[in-house]
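Peer 1: Here you go, one structure.
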Protein chains: 2
Amino acid sequence: MQQEQVHACVIPSTDPHIGEYTPGRWKTREWISGFTGSAGTVVITKDKAGLWTDSRYFLQAEEQLKDTGIDLYKDGLPETPAFSDWIASELSAGDCVGIEGDVYAASEAKSLIEYFSGKNLNVRTDFAPYDSLWENRPAIPANPAFVLPERFTGKSCRDKIKEVITDVNKNQADITILAALDTIAWLFNIRGNDVKYNPVCVSYAIVSEKETVLFIAPEKLTQEVSDYLQQEGVVVADYEKIAGYICSIPSGTKVLINPAKINYRLYSILSEHCTVKETTVHPADSLKSIKNTTEIAGIRNAMQKDGVAMVKFLIDLEKALKNNETITELDVEEKLRVYRSEQEFYFGESFETIAGYAAHGAIVHYAATPESNAAVLPDGILLIDSGAQYFDGTTDITRTVSTGQVSETIKQNFTYVLKGHIQLALAVFPAGTVGMQLDALARQFLWKAGQNFLHGTGHGVGCFLNVHEGPQSIRMNYNPVPLEPGMITSNEPGLYLAGEYGIRIENLLLTVKARTTDFGDFYAFETLTLCPVDTRLIDYSLLSPEEIGWLNDYHQKVYDQLAPLLSKEEAAWLKEIL
Amino acid sequence: MQQEQVHACVIPSTDPHIGEYTPGRWKTREWISGFTGSAGTVVITKDKAGLWTDSRYFLQAEEQLKDTGIDLYKDGLPETPAFSDWIASELSAGDCVGIEGDVYAASEAKSLIEYFSGKNLNVRTDFAPYDSLWENRPAIPANPAFVLPERFTGKSCRDKIKEVITDVNKNQADITILAALDTIAWLFNIRGNDVKYNPVCVSYAIVSEKETVLFIAPEKLTQEVSDYLQQEGVVVADYEKIAGYICSIPSGTKVLINPAKINYRLYSILSEHCTVKETTVHPADSLKSIKNTTEIAGIRNAMQKDGVAMVKFLIDLEKALKNNETITELDVEEKLRVYRSEQEFYFGESFETIAGYAAHGAIVHYAATPESNAAVLPDGILLIDSGAQYFDGTTDITRTVSTGQVSETIKQNFTYVLKGHIQLALAVFPAGTVGMQLDALARQFLWKAGQNFLHGTGHGVGCFLNVHEGPQSIRMNYNPVPLEPGMITSNEPGLYLAGEYGIRIENLLLTVKARTTDFGDFYAFETLTLCPVDTRLIDYSLLSPEEIGWLNDYHQKVYDQLAPLLSKEEAAWLKEIL
């Protein structure tokens, strides 16, 4: 920093593709601080260093920062300054802040630059001395890409490109740059293994009427993939060539980007000579979110397999508890993984399983470690949030199950969560409705009890792609994207009582056309996930006839669709518990 | 236009104070076109003239524009160009569009200017040749102002000014300019009679730590009002002096404005030499929206009086129908006005009464005229939306009543509307919740039936002020303003079947603190309006036990609060129908 006359540097958790999971190559913040949480920012000045992270990670960060000389700043507490304010207070006018534009979303970097320039601080966006300092820095992931056949994708890469170009033109632009790995995987119908839980390949893409270029390391390309891409009319270039290509775009070209999904380095090269058209929802992401009939058929199939795995696991759990065999949170994780891996087209888990017994269930992002691993006892409730990647679909399901005696209060709380889940599942709404309008349907009963859950009610889910995708959501926050037929969105209200237990019930919903009347088009949800809800936790006196009707219909559907795939004993167990 | 080299001129419906009702002085659009609807824009070019208005006014506009040479452009139809697009297509590059900046909201004018400059058209914002052309143009209203005593307002003008200054400073500004007449009336605790239905005086105000100036025509000021204003530390200046005063604000001063609530003329004078800080919600409007305990006590009182008037009217209506006496929509209007005017502190109606029998009820903004006036027959339903201004509060109530035989479908539809009304009334929600989050509670049952209503569910209501005020709302559209304790908001779901009938049930809600738990503060609504819901229209089989409970409790409260103010016979009637 002294050599480069940088007075403070900021190291975020993000990578050049602004994804949810960061490959080791870009875990700079973890390398420099030892802190392994998913969210956090390190700031270093001449004499001080600090890590900013949120309440999920206060304990872990304290532990991991011991003896590092890095101070912990607890984000969200009233006394904690924003890291940018802290930098402004530590530096003097004219000083320089260094960031690595390569790993910052353009929108983030732009607002940092604006903030610091208001404080008379300079910003260098190419400060990245890590390569020479970081011994054994992991390479960029170089796993082979593979083609996802049209029997799973339902639409050729060539056709998708055409649709994207049409929509880019509608946005008054000629070209678009993509850096989000799931968008690229969707567009080219390729998948990979470069990012944990996300079946994607590290790559960039540029789409225009003239040509569509996939920037990807040559070692990822098998002959099959190369031939396929050529067939689809895709030009392939080396991953490293993206910057040069952007430089060569004719001056004044109108280029569409989503500034939250492209890194600042590419953005700044682009904005030097092109007209940047910014969008908050890239048309490729809108197209990706509307599943076609092949994809929907695939996810229905994946749901059956996932339901079978869940039922087999639930039977094991019940047996273990009945027989006083020890079963731990990590055992739960492993059993689920094994049962899922036996299913056709299994590729891997879609995120890290959360198996939280009792108080662990109240930690929203809990994942058992060998140190925290608790035995599941026949007393209380167990929250299990898990999912898989199959070639024909991505699953994400949460069930909260009774492991023995439960109090009336637990039943009451479980039933409030269930009522919210059912009311959202039963919603009918006019075309144009956004998630924020429906969110309260899932929270209303908790709110009446003075309770709430502080995460979203629903996120988009990909097809053999990221388990969290946009652009739609169902949240307390405003998101202007309407829920459209073909979108898959989770329905996951919950309740977390710190130190006691956590409850969450999650199914995936498909938005479908319900009817057309004089008042326009109305949409509804079809629940895709197939797995029983634990009826031992329900206080039926709190359910309305409509809600009991939904539950009975749902359980009938679960039985009808899973029984043919289960053994006689398993099917009998399922019938018994419903 | 030729003299001034203006090639097109635009005449909107708004006035210098951007209010809902325009005093005659500024009804330029009506004067030039003969069209009397509340919304519409006239555009004039050398050879053509057009009026743009929305579907509410298609029939009326067609009628009123006959033989004027002004063409009707039906806003909202796919084939209708926006008037700005139409101008751009009619004019040539370099031509000039004239608007009167005085009657345009700054935000509107700015976007028009931006649009036209993109089309290489110039805009003159001082084009207003109407004074010399308009014979007998009405003068600016010059009715006397009066002081609303602290027994009604609950807070002195001096204290309100202090609070506004504090909040203006929080917005990094030193001064603020107010042009909205209700905001000014609230701030100074004065009222007037310059605008139909709105008890306000035509005026401007500038508030700063140095001085607070009320710009008002001297003839409006009685000695009492002058003395009062002096006492409160308010400087009074002539209405016409506002522009000069703005010019004299020291250069570079930071001035807070809401660009949607200040006219473009003042904005452009201001922005020449000051730093304009824009806000979408002016702090004075936020303060105004949170009613204090005196105001809440007042509105409770007003609600009792309004309920008494409504009950007396409902008895009359029932009698007339029973005795086969003719009662028309205009009779309904008149009876309500008379019964209200007998109440203490009555000042006038708070808006034009809507009394719509049968198909007239389906016209959302219907107001009976001598031509349309229908007799109410003992067959079907009558929708009555009305309200009053009392010194102690503003009311706004809609009831839909059976006038005789009604079909099962009408009952079903009425019950869907009622269920939505009740679910919103019963809502409990965390601090920070905005109207869009709750809106679906009122629509969910209609949506399930493939129905909807295309107006908002709730608007803010003033205290002896405008019946429509911001900043909060409960709508399908996003409005970031949370519902805060002390706010008064309407709850008015409806259903309109063109050519058949309209249903709406409207009460006013007070947001109140419900409880504080580990999950934070929770708010709820208290229904303020006191008037029975027509139980003859309810299909009880569709109501949940919770909804029946709400209705019974509500009717018990209505009876308890109104009976002491009714005659024995009236009270007996009320008891009978509940």
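Peer 1: Using square roots of five times the C-alpha gyration tensor eigenvalues, list the equivalent-ellipsoid semi-axes of segment A:410-455 in whole Å, biggest first.
Peer 2: 21, 11, 7
Peer 1: Here's a follow-up. With a Cα-only, solvent-free Debye model of segment A:83-189, what are the log10 I(q)/I(0) values at q = 0.10, 0.14, 0.15, 0.24 Å⁻¹?
Peer 2: Evaluating at q = 0.10, 0.14, 0.15, 0.24 Å⁻¹ gives log10 I(q)/I(0) of -0.55, -0.84, -0.88, -1.24.
Peer 1: Would you mind checking the tilt of helix B:568-577 against the longest principal axis of the Cα atoms of chain B, expressed as 0 to 90 degrees and rounded to 10?
Peer 2: Taking the Cα atoms of chain B, the angle to B:568-577 is about 80 degrees.
Peer 1: Next up: For segment A:314-400, what's the relative contact order in percent, using C-alpha pairs closer than 8 Å and at least 6 residues apart?
Peer 2: Relative contact order of segment A:314-400: 31 percent.
Peer 1: Using unit Cβ charges (K, R positive; D, E negative) and no other charged atoms, how large, in debye to the nearest 20, is the dipole of the protein assembly as shown about its Cα centre?
Peer 2: 220 debye
Peer 1: Using the 10 angstrom Cβ neighbour count as an exposure proxy, how do A:Glu232, B:Glu114 rank, fewest first?
Peer 2: B:Glu114, A:Glu232
Peer 1: Here is a follow-up. Which whole-percent values make up P(r) of segment B:242-292 when all C-alpha to C-alpha distances are grouped in 5 Å steps starting at zero?
Peer 2: With 5 Å bins starting at 0, P(r) equals 4, 20, 27, 21, 14, 8, 5, 1.
Peer 1: For the protein assembly as shown, give the share of DSSP beta bridges that are antiparallel, in percent and rounded to the nearest 5; count only bridges with both residues there.
Peer 2: 75 percent
Peer 1: If we hang a label 7 Å off Cα along the beta carbon direction at A:Pro129, how far is it from the matching labels on the other copies, in nm, shortest first?
Peer 2: So the distances to the same position in the other copies read 7.2 nm.
Peer 1: Taking the mean number of other Cβ atoms within 10 Å as a proxy for protection, how do you rank A:171-181, B:115-125 from highest to lowest?
Peer 2: A:171-181, B:115-125
Peer 1: Still on this structure, please answer the following. Computed FRET efficiency, Cβ-Cβ of B:Thr294 and B:Met1, R0 45 Å: what is it to the nearest 0.05?
Peer 2: After rounding, the FRET efficiency stands at 0.25.
Peer 1: Roughly how far apart, in whole Å, are the Cα centres of segment B:130-164 and segment B:166-212?
Peer 2: 9 Å
Peer 1: Would you mind putting B:339-347, A:524-532 in packing order, based on average other-beta-carbon counts within 10 Å, highest first?
Peer 2: Descending mean neighbour count gives A:524-532, B:339-347.
Peer 1: Can you give the average number of partner chain beta-carbon atoms within 10 Å of each beta-carbon in peptide A:521-530, as a whole number?
Peer 2: Mean partner shielding for this stretch: 1.
Peer 1: How tilted is helix B:106-118 with respect to the longest principal axis of chain B? Cα atoms for both, answer in degrees (0 to 90, nearest 10).
Peer 2: With both axes taken from Cα atoms, the answer is about 60 degrees.
Peer 1: With no solvent and one equal point scatterer per Cα, compute the Debye intensity ratio I(q)/I(0) for segment A:531-578 at 0.17, 0.32 Å⁻¹ and report its log10, rounded to two decimals.
Peer 2: Rounded to two decimals, the profile gives -0.52, -1.21.
Peer 1: With a bin width of 5 angstrom, please list the P(r) values of segment B:78-117 as percents of all Cα-Cα pairs, from the 0 bin to the one holding the largest distance.
Peer 2: Reading upward from the zero bin: 5, 20, 30, 24, 16, 5, 0.
Peer 1: Once the Cα atoms of helix A:435-448 and of chain A are each reduced to a long axis, what angle between those two axes, in degrees from 0 to 90 to the nearest 10, is obtained?
Peer 2: Between the helix axis and the principal axis of chain A, the angle is about 50 degrees.
Peer 1: Take the Cα atoms of segment A:136-198, build their convex hull, and give its volume per residue in Å³.
Peer 2: For segment A:136-198, the hull spanned by Cα atoms encloses 106 Å³ per residue.
Peer 1: For segment A:34-92, how big is the tail of P(r) above 14 Å, as a whole percent of Cα pairs?
Peer 2: 50 percent
Peer 1: Just check segment B:1-77 against the gyration tensor rule for me: Cα atoms, a ≥ b ≥ c as the square roots of the eigenvalues, rounded for a/c under 1.5, and otherwise prolate or oblate depending on whether a/b exceeds b/c.
Peer 2: Oblate shape, in that a/c is at least 1.5 and b/c is the bigger or equal ratio.
Peer 1: Still on this structure, please answer the following. What does the structure give for A:472-478 when I average, per residue, the other chain Cβ atoms found within 10 Å of the residue Cβ?
Peer 2: 2
Peer 1: Put the label 7 Å from Cα along Cα→Cβ for A:Thr369; what are its distances to the other copies, in nanometres, shortest first?
Peer 2: 7.7
Peer 1: Let me ask something else. Could you give me D for segment B:361-400, from Stokes-Einstein at 20 °C and 1.002 mPa s, where the hydrodynamic radius is the Kirkwood radius over C-alpha pairs? Units µm² s⁻¹, please.
Peer 2: 176 µm²/s
Peer 1: Throw me the Rg/Rh for segment A:269-354, computed over C-alpha atoms with Kirkwood Rh, two decimals.
Peer 2: My calculation puts Rg/Rh at 1.26.
Peer 1: Can you tell me the relative contact order of segment B:206-264? Whole percent, Cα pairs under 8 Å, sequence separation 6 or more.
Peer 2: Relative CO of segment B:206-264 lands at 34 percent.
Peer 1: Okay, moving on. Would you work out the charge dipole size for chain B about its Cα centre, treating the Cβ of every Lys and Arg as +1 and the Cβ of every Asp and Glu as -1, and quote it to the nearest 20 debye?
Peer 2: Numbers: 50 positive and 77 negative charges, 185 e Å.
Taking the Cα centre of chain B as origin, the dipole is about 880 debye.
Peer 1: Can you check what the Kirkwood hydrodynamic radius comes to for segment A:399-523, Cα pairs only, in Å to one decimal?
Peer 2: 15.3 Å
Peer 1: Hey, what did chain A get for relative contact order, percent, Cα under 8 Å, at least 6 apart?
Peer 2: Values: 1215 pairs, mean separation 62.4, N = 578.
Taking the mean separation of contacting Cα pairs over the length of chain A, I get 11 percent.
Peer 1: Dipole of segment A:9-82, Cα-centred, from +1 at each Lys and Arg C-beta and -1 at each Asp and Glu C-beta, to the nearest 20 debye? Could you put the intermediate results ahead of the total?
Peer 2: Working: 8 positive and 11 negative charges, 43 e Å.
Around 200 debye, computed over segment A:9-82.
Peer 1: Here's a follow-up. Rounded to two decimals, what is the ratio between the C-alpha radius of gyration of segment B:162-307 and 2.2 N^0.38 Å?
Peer 2: Working: Rg = 15.9 Å, N = 146, 2.2 N^0.38 = 14.6 Å.
Relative to the 2.2 N^0.38 Å estimate, segment B:162-307 comes out at 1.09.
Peer 1: Still on this model: At q = 0.20, 0.22, 0.23, 0.25 Å⁻¹, what is the base-10 log of I(q)/I(0) for segment B:230-316 according to the Debye formula with one equal point scatterer per Cα and no solvent? Please give it to two decimals.
Peer 2: -1.02, -1.11, -1.15, -1.22
Peer 1: Right, here's the next one. Take the alpha carbon gyration tensor of segment B:1-135, find the square roots of its eigenvalues, order them as a ≥ b ≥ c, and report rounded if a/c is under 1.5; if not, report prolate when a/b exceeds b/c, else oblate.
Peer 2: Verdict is rounded for segment B:1-135.
Peer 1: Right, next: Write down the radius of gyration of chain B and its Dmax, each obtained from C-alpha positions, in Å.
Peer 2: Taking only Cα atoms of chain B, I get Rg and Dmax of 24.8, 76 Å.
Peer 1: From the P(r) of the protein assembly as shown, can you give the percent of Cα pairs sitting at distances over 61 Å?
Peer 2: For the protein assembly as shown, the fraction of Cα-Cα distances above 61 Å is 17 percent.
Peer 1: How do B:Thr394, A:Thr222, A:Thr326 line up, fewest other C-beta atoms within 10 Å first? All intermediate terms of the calculation are to be shown ahead of the outcome.
Peer 2: On the way: B:Thr394 29, A:Thr222 13, A:Thr326 9.
Fewest-to-most Cβ neighbours within 10 Å comes out as A:Thr326, A:Thr222, B:Thr394.
Peer 1: Sticking with this structure for a sec: Taking just the C-alpha trace of segment A:364-430, give me its Rg and Dmax in Å.
Peer 2: 15.7, 49
Peer 1: Per-residue mean of other chain beta-carbon atoms within 10 angstrom of the beta-carbon, peptide A:444-451?
Peer 2: Numbers: counts 8, 1, 3, 10, 8, 5, 11, 5.
Mean partner-chain Cβ count within 10 Å for A:444-451: 6.
Peer 1: Compare the Cα positions of B:Thr529, A:Ala109, B:Val461 along the charge dipole of the protein assembly as shown (+1 at Cβ of Lys, Arg; -1 at Cβ of Asp, Glu; about the Cα centre) and return the one farthest towards the positive end.
Peer 2: The Cα lying farthest towards the positive end belongs to B:Thr529.
Peer 1: Go through A:40-51, B:314-325, B:493-504 and give me the packing order, highest mean Cβ count within 10 Å leading. Please list the in-between numbers first.
Peer 2: Details: A:40-51: 18.8, B:314-325: 14.5, B:493-504: 21.1.
Put in order of decreasing packing, that is B:493-504, A:40-51, B:314-325.
Peer 1: Apply the a/c threshold of 1.5 to the C-alpha gyration tensor of segment B:485-566 and tell me whether it is rounded, prolate or oblate.
Peer 2: Prolate, since a/c reaches 1.5 and a/b exceeds b/c.
Peer 1: On alpha carbon coordinates alone, what is the Rg over Rh value for segment A:329-457, Rh being the Kirkwood radius?
Peer 2: My calculation of the ratio gives 1.01.
Peer 1: Measuring from centroid to centroid over Cα atoms, what is the spacing of segment A:11-41 and segment B:462-488 in Å?
Peer 2: 43 Å
Peer 1: For B:Glu108, A:Glu224, what ranking results if the residue with the fewest other Cβ atoms within 10 Å of its Cβ goes first?
Peer 2: Lowest count first: A:Glu224, B:Glu108.
Peer 1: Then there is this: Sum -39500 (n - 2.57) across every DSSP H segment of at least 4 residues in chain B, then divide by the residue count to get the 222 nm mean residue ellipticity, nearest 500.
Peer 2: -10500 deg cm²/dmol
Each reported figure results from applying straightforward, stated rules to the coordinates on display, with no laboratory input. Because the structure is a prediction, the values reported are computed rather than measured. As a convention, Cβ positions derive from the backbone with ideal geometry for all residues, glycine included, and neighbour counts pool all protein chains shown.
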